[in-house]
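The values are calculated or read from the model by the stated rules, or taken from the named source; none is laboratory data. Values in this document were obtained by computation on a predicted structure and should not be read as measured data. Neighbour counts run over all protein chains shown; Cβ positions are idealised from the backbone, glycine included.
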């Protein structure tokens, strides 16, 4: 138990520190990298809670896919850091005031007095052969069938909205049409042989006709 | 585990909307530019079928489905019907505007339908999880609708503001839900209510959670001091999006408050009562006072929304069955009025011109007397002038507040609505006593729009004279 507690505090401190760095770094790329760190250490916290599946999914999906994409976007965008930071000092006092009030309230409420071990005794450790993913799947498609379906619709809306907001027809862009490339078949229609009159520029040259080859696609 | 197909019956309206949206999404791909009107027709047919199905599956004792995720009771029946009817009106109005600007594409209808679907899910949620998911479905569709005009910088800015503040509001709401879950051990409303009743008032965690829930509700309603997004979004977004965003979602927001505060935490009424009093007084005060200074009619209607939200909160905070019923009546009536007001703005707009300034309404009577009369009805109703239904709605809310011995609050409400009457009546003055601009053409609309607007305006008058038709439904829902 002692070592687990030690691990908890280590990862909790890393999470808090990384979260603080996310909002204080000047360079957005650094912020994103710290966000990745915060995610990884929260995944470790979930592992300590015996939610192994969720922890691994957090690393795979958020760190592996979402944040990497996010990093690409940030690197591609031309962000003017000076305008982003404008007003930071001006709003800092009121920001600190609100943060302090909220933090004190949260510490008072979410403390041992309300959420201590008397109110919430520690749960029994799961058996060695307990399968996280199977348990999750079992309730996800029975008890929570309705919310899962709604979540699916939300994803559909996200796709439709993203396409609507970004897809534009640009006639000047050059592109390759893969469906036409795939449809190309071997045969006489692919290569067109063109008969041309022999060129007689220099009398000493070879006079055989060169067949012109033209790609169809 | 066995799945009972009877679970699907109460969500037949939702299933219809989902199928319609998917159908429009696919059919739109095969339509040529001049055939896009079919999207419109399909959408209207889908909503009409959903209305019929809502009536068919409704009625009877409250029942819980999907292992406690879904409830069908009188509240959900009535609110679903109201949301669908208001949305049907809204979709009738938007077509001409979209067509003139080359935006009559399937995506507008698909996103609109998904927003309505989200509202229906919220209305019939029996646990915090589907309630939140419905809210996000609705909000995500509305963000995209606000940014629908891709070339408009104002629209993009409005969508960004809406998105950031909406996400903040959702975050607050979720934090509150996590506190409630921590204190009661459940996210389903009935067990939460039971756990709260057993624990009594001692638990500070619950009150802390409620504070965040009320902040989240305030954000979604647009109540002062969480109103900052409302005027900018109403001004920046394209008018059809504002029409969809400003009408039926108010009914859904009412359902959000009722489900969480009354179904789940009803016995903690003394705690959230005080918070709502603050929000209500500030909303009525700031909304009505700032609306006077507006020259942009969309901004004016935004501040008017804020003041009406104050009135809805008045009914909620009374905490009696009568109060809830009057708040429900008020939110349905408000949604109908908002649909009418933005519908007139859409009718006034034409190719290359958007009716946005108050002056654009000048001399509406000379351009089309019937629409002028309808707009006057809407404005009188918003101001609360008898015999329109706005008066009845305000009267019922005030009666509920007086019944719980909060006469001072009723006096404050009356005071601010008298101030508010000024800017509504100024619009009526513009319509009837001013000359139209020289370049203002006669209004050309399709027959459908004229019929819908006539129904919209006359309903406000008819319900004002015979309020019992809707009022008994509202009262039965909470009896």
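When residue B:401 is tested against (1) crowded, with 19+ Cβ neighbours inside 10 Å; (2) part of a loop (DSSP other than H, G, I, E, B), just one condition goes unmet, and that condition is (2). Within segment B:81-119, being within 14 Å of chain A (Cβ to nearest Cβ), in contact (Cβ under 8 Å) with a residue 24 or more places away in the chain and not in a helix (DSSP H, G or I) holds for B:103, B:104, B:105. Just to be sure I understand, how many residues within segment B:157-180 are over 30 Å from residue B:204 (Cβ atoms) and touching a residue at least 24 places away in the same chain (Cβ under 8 Å)? Residues meeting the conditions: 5.
Taking the listed residues A:131, A:113, A:179, the one that is closer than 30 Å to residue B:28 by Cα and either surrounded by 11 or more Cβ atoms within 10 Å (Cβ to Cβ) or not assigned by TED's automatic domain parsing to the domain that holds residue A:53 (or both) is A:179, with no other qualifying. On the stretch given as segment A:141-182, residues that are assigned to a helix (DSSP H, G or I) and away from every other protein chain (no Cβ under 12 Å) total 5.
Please report, ordered by residue number, the helices (runs of 4 or more DSSP H) entirely within segment B:120-225 with at least 3 residues that are at positive phi and surrounded by fewer than 17 Cβ atoms within 10 Å (Cβ to Cβ).
none
Count of segment B:133-177 residues, restricted to those that are over 17 Å from the mean Cα position of the chain (by Cα) and at the interface with another protein chain (Cβ under 10 Å from one of its Cβ atoms), is 9.
With the requirement that a residue be more than 30 Å from residue A:26 (Cβ to Cβ), part of a helix (DSSP H, G or I) and within 12 Å of chain B (Cβ to nearest Cβ), what does segment A:106-136 give you?
Once the filter is applied, which keeps residues that are more than 30 Å from residue A:26 (Cβ to Cβ), part of a helix (DSSP H, G or I) and within 12 Å of chain B (Cβ to nearest Cβ), segment A:106-136 yields A:108, A:109, A:113, A:114, A:115.
Could you list, in sequence order, all residues of segment B:50-69 that are surrounded by 18 or more Cβ atoms within 10 Å (Cβ to Cβ) and either at pLDDT 95 or above or within 23 Å of residue B:329 (Cα to Cα) (or both)? Within segment B:50-69, B:50, B:51, B:53, B:54 qualify.
Residues of segment A:129-148 that are under 19 Å from residue B:4 (Cβ atoms) and touching a helix residue (DSSP H, G or I) at 6+ places or on another chain (Cβ under 9 Å): A:140, A:141, A:142, A:143, A:144, A:145, A:146, A:147, A:148.
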